[in-house]
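Everything below concerns the one structure shown next.
Here, each number is a calculation from the coordinates, and none is a lab measurement. Remember, it's a predicted structure, so these values are computed and weren't measured experimentally. Cβ placement follows ideal geometry from the backbone for every residue including glycine, while neighbour counts extend to all protein chains displayed.
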Amino acid sequence: MNLKTPLARVLHTTQDHIAALQGMGIATVEDLLMYLPRAYEDRSTIQPLATAPLDIKGTFRGTVADIKSVRTRTGKQLVTARLTDAEGDRADVVWFNQPHIRRMLQEGDEVVLTGKLVRNGSRLQIQSPQFERIECGSLSLVHAGRLVPVYAEHECITSKWLREKLPLLRPAIAKMPETLPETVVQEEGFPSRASAIEALHFPENGEQAQRARDRMAFEEMYALQRTVLQQKKEWQSSRQQRLAIPMDPALIRLFFASLRFTPTGSQKIAIFEILRDMERPEPMSRLLEGDVGSGKTLVATAVMAHTISGGGQCALMVPTEVLARQHAQSIGSILVAFHRFLQSDAAEEKPARPMRHPAIALLTGSTPAPEARRIRQGLARGTIDLVVGTHALIQESVQFADLRLVIVDEQHRFGVMQRAMLKEKGSPHFLSMTATPIPRTLALTAHGHHDLSVLTEKPGKRQPVATRVVGPNDRATVEHFIDRQIEEGRQVFVICPLIRGSENEEMAEIRSVEQEAARLQEAFPRRRVAVLHGKMLPKEKEETMRAFKHREYDILVSTSVIEVGIDVPNATIIVIEGSERFGLAQLHQFRGRVGRGEHKSHCFLFTTTPQQARSPRLRAMEEHDSGFMLAEIDLQIRGPGELYGTRQSGLPEVRMGGLLNPELVVRARRAAERSLADGHIAR
């Protein structure tokens, strides 16, 4: 038997089991040895029936008698028995819908059982336990009497079946190849890979199993880091080396002086980190991460001003036309004001490089053809300094004279190929921005090919948004509060998961934009209600947002299209219907649409049923205002694949929980950096 031996030749099992394993991607001895436990149950302590705690799982040893099969009045099949332990104490044992148990047990068998001990009237009862017969007094047990591995189960592949079959493969474990450099194994004090795999399947104690889990989690993180660091190295080495823009500290000081407010410390640090990268000849690849309202756009604007003054062009790609227009207007006004400031007497020093009046263009799918043609010509000739747009920027017809900087806002909303196509238009520095806080462990893995800048402060004295999880029974109270707020001149966002009602029975209770807008107009006849959703024409969406921003509507009922970047300072309430259907990161993004002005803001998270209002995940929204804290909680609850799409990122699946251990991820990254520098070849 070797690691590549087909399992059908060594397991002596049914074809159904072999087919189920193949459906799980497990075909060889090595595949099954690498199917590692997800958890452990400590069944090592045999408890006396008389003193064992009730209503929790315990492990018991004794002799069985009175074994019977019975059928209840409702048609269920039960197998019952009586267990007598060494002290003479007794408990009834019951198995539900497992008639085969009757054939497996004989009167007088000595067994070890693991199950929940409960009191049924005056008698003790053990419910649906797993059991194992003690043969000839031997305590060489597989399913009890030890630390028992628990595996993810699929069809007929159960933990019990795996624990019975894996000992057949144990001799092959010694042949498992080492995947970490010997120096890393020694520095970290890890067991060998073969020893770790043996300890995971056949642990002697919890400490040994934990050391083995740490070793395998480190191995996964190390492999991820090697992948992303190698990708970054290859991309940078393939680029043309003509990008360096020397840092102009005077220009940045003047940029800050031209503003009507003082940037935060973390904004200044991020700008410095980005400009320091752009001084180098190889292209920058950096991720700017900041919570809602932390001022990422200002950082991007400062960097674009610096790039334009150095003679380069900039491209900013955003996910929606509404956001593209908003950015073009806000960034354009800051850059024009900065240029005007440079020409005035208020500028107390001169930058190293003069900055011409910035030429700014907006290019989206709805840009009229003649205007789009003029913009493309300007980009190709170098007469346009900055273009803001949507996916229209990646069209083959869009070419640049000297593209030095590409910024992608909310990059997770674009596919890998879309981002790559924009990066290929020249050899630009690349800055990605996200307002979705990413746990540092995930940022170092799924985004490890980027260097990381984090905005940890918010400009000014932005008030936290008061957040409440509310059920259907609270609706009248919330709507009375909304009416009072509108009376005081405030505005309201209402978010619904669907555009229109669904005929699907399971979705019937979920509120839709169209239904909720009609209901709210009836509930608030004196208020002006508008709708916004992704199926509206771009011009309709733009006009609706403009009208809402100018207070022509009191309530805007929308789908998740308002999730990113929409800025309406007078909106102080956001109501999220069916909040249980959204992840914490998305709920936090929604909440960031309010709290942008001087007035106290409120977020109401409505659940579809009263029971869902008790969800710990939603309660976290009440307790935490930090997107970074919520991201960590979401990572713990939902896992990295569902949270951030790492399953689609080209990275291997993470199974050993390393992403939940920041210190381990950092150690793995440093080890990967050292091994790449030393020229170790990945195995």
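For the reader, a short list of remarks on this structure follows.
- Values of log10 I(q)/I(0) for the stretch 260-318 across q = 0.21 Å⁻¹ run -0.91, by the Debye formula with one identical scatterer at each alpha carbon and no solvent.
- Matching label, mean projected area of the Cα convex hull in nm² computed from the structure shown, candidates (i) 35.2; (ii) 38.4; (iii) 31.6: (ii)
- The helix-only estimate of mean residue ellipticity at 222 nm for the chain, built from DSSP H runs of length n ≥ 4 each weighted as -39500 (n - 2.57), is -11000 deg cm²/dmol after division by the residue total.
- Modelled label positions at Val478 and Ala677, each set 7 Å beyond Cα in the direction of Cβ, lie 5.3 nm from each other.
- Residues whose placed amide H lies under 5 Å from that of Arg280, excluding near-sequence neighbours: Ile245
- Shape category assigned to the stretch 32-106 from the gyration tensor of Cα positions, a/c cut at 1.5: oblate
- Members of Lys296/Lys458; Lys458/Lys600; Lys268/Lys458; Lys233/Lys268 lying beyond 19 Å, as alpha-carbon distances in this model show: Lys233/Lys268
- Label separation (Glu155 vs Ser69): 2.7 nm, computed from points 7 Å beyond Cα along the C-beta direction.
- Span from the the stretch 157-191 Cα centroid across to the the stretch 286-365 one, whole angstrom: 54 Å
- Assigned charges on the beta-carbon of Lys, Arg, Asp, Glu; the chain dipole about Cα centre (debye): 900 debye
- Taking the Cα centre of the stretch 45-145 as origin and assigning +1 to Lys and Arg Cβ atoms and -1 to Asp and Glu Cβ atoms, the resulting dipole is close to 600 debye.
- Using a Förster distance of 45 Å, the FRET efficiency for Glu487-Arg374 (Cβ separation, nearest 0.05): 0.40
- Sorted fewest first by neighbouring Cβ atoms within 10 angstrom, Trp161, Trp95 come out as Trp161, Trp95.
- Taking a ≥ b ≥ c as the square roots of the Cα gyration tensor eigenvalues, the stretch 75-212 comes out prolate, since a/c reaches at least 1.5 and a/b is larger than b/c.
- With each label modelled as a point 7 angstrom along the Cα→C-beta vector, the Glu663-Asp402 pair spans 5.0 nm.
- Listed by Cβ neighbour count within 10 Å, with the fewest neighbours leading, Tyr222, Tyr40 appear as Tyr40, Tyr222.
- Here the 3J(HN,Hα) profile of the stretch 158-170, calculated from phi with Karplus coefficients 6.51, -1.76 and 1.60 at θ = phi - 60°, is 9, 4, 4, 4, 5, 5, 7, 8, 4, x, 5, 9, 4 Hz, Gly and Pro shown as x.
- Going from the fewest other Cβ atoms within 10 Å to the most, the residues Ser601, Ser266, Ser294, Ser397 appear in the order Ser397, Ser266, Ser601, Ser294.
- Residues whose placed amide H lies under 5 Å from that of Leu498, excluding near-sequence neighbours: Val513
- In this structure, the amide hydrogen of Val454, modeled 1.01 Å from its nitrogen in the peptide plane, lies closer than 5 angstrom to those of Glu289, counting only residues at least 5 positions away or on a different chain.
- Whole-Hz Karplus values for the stretch 379-394 come out as 5, 5, 8, x, 8, 9, 8, 9, 10, 10, x, 9, 4, 4, 5, 8 Hz, taken residue by residue from phi with 6.51 cos²θ - 1.76 cosθ + 1.60 and θ = phi - 60°; glycine and proline positions read x.
- Crossing angle, helix 662-677 versus the chain [Cα axis fit, 0-90 degrees, rounded to tens]: 70 degrees
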